[in-house]
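**Q** The structure follows.
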Amino acid sequence: MIHGPNLRLLGTREPEVYGGLTLADVDDRLRDLAADLGVELEVFQSNHEGELLDYVEKAAARVDGFVVNAGGYTHTSVALRDALVGVARPFVEVHISNTAAREPFRHHSYLSPVALGVVFGFGVRSYLLGLRGLVAELSLD
């Protein structure tokens with residue numbers, strides 16, 4: 001699970017958009033679901049683009065795929081897109097809010113065209129749906 005910038009502010013940042021759960025709450029729910037699905041989950045968060053790129057490159061050797069909420073980097077980072085494509089691991093893009101219903105700059109994603117799937121608009125359930133989808137797709141191989 002990769003969390004991008006500002007996601008440590010969950011629970012206090014715009015609760016009318018992102019809800020009241022903290023990032024720790026989200027991670028706990030993801031860990032519980034991963035255990036139920038019989039998979040291991042590793043969690044990483046950074047506000048720094050380079051740290052996210054380094055994590056993708058290093059983690060690719062030990063993971064089968066990624067669930068990614070790139071936050072604002074979704075709309076700006078060709079480098080993150082290239083890193084995810086470059087490591088040749090499937091990933092699911094997730095967002096808490098319905099990005100298509102928000103500001104116009106949030107309508108474009110550099111990640112969506114190369115993602116296995118995209119889940120947005122279901123609050124923190126988007127993360128859980130994304131993890132379920134990734135695990136289901138990996139199980140088909």
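**Q** Looking only at residues in segment 49-78 that are part of a helix (DSSP H, G or I) and surrounded by fewer than 16 Cβ atoms within 10 Å (Cβ to Cβ), which one is modelled with the lowest pLDDT?
**A** So the residue we want is Gly72.
**Q** Moving to a separate point now. Within segment 98-120, track down each residue that is modelled with pLDDT of 95 or more, part of a loop (DSSP other than H, G, I, E, B) and out of contact with any strand residue (DSSP E or B) (no Cβ under 6 Å at 6 or more places or on another chain).
**A** Matches in segment 98-120: Ser109, Tyr110.
**Q** Which of the residues belonging to segment 49-69 are closer than 20 Å to Val135 by Cβ, touching a helix residue (DSSP H, G or I) at 6+ places or on another chain (Cβ under 6 Å) and of a type in the set (A, V, I, L, M, F, W, C)?
**A** Listed by number, the residues that qualify are Val56, Val67.
**Q** Sticking with this one: Please specify each residue of segment 28-48 satisfying the condition of being surrounded by 14 or more Cβ atoms within 10 Å (Cβ to Cβ) and either out of contact with any helix residue (DSSP H, G or I) (no Cβ under 9 Å at 6 or more places or on another chain) or at positive phi (or both).
**A** Listed by number, the list holds a single entry, Arg31.
**Q** Of the residues that make up segment 21-32, is at least one modelled with pLDDT under 95 and either under 16 Å from Ala115 (Cα atoms) or of a type in the set (Lys, Arg) (or both)?
**A** The answer is no, given that none of the residues of segment 21-32 is modelled with pLDDT under 95 and either under 16 Å from Ala115 (Cα atoms) or of a type in the set (Lys, Arg) (or both).
**Q** Which residue is nearest to Ala79 (Cα to Cα), if the candidates are limited to segment 103-141 and must be buried (at least 16 other Cβ atoms within 10 Å of the Cβ) and among the polar types (S, T, N, Q)?
**A** Ser109
**Q** Given the conditions (1) under 22 Å from Arg102 (Cα atoms); (2) of a type in the set (A, V, I, L, M, F, W, C); (3) touching a residue at least 60 places away in the same chain (Cβ under 8 Å), and given that Leu23 satisfies all but one, which numbered condition is not satisfied?
**A** Just one mismatch for Leu23, condition (3).
The values are calculated or read from the model by the stated rules, or taken from the named source; none is laboratory data. Quick caveat, the model's predicted, so the values are computed rather than measured. Positions of Cβ are generated from backbone atoms using ideal geometry, with glycine treated the same way; all protein chains shown enter the neighbour counts.
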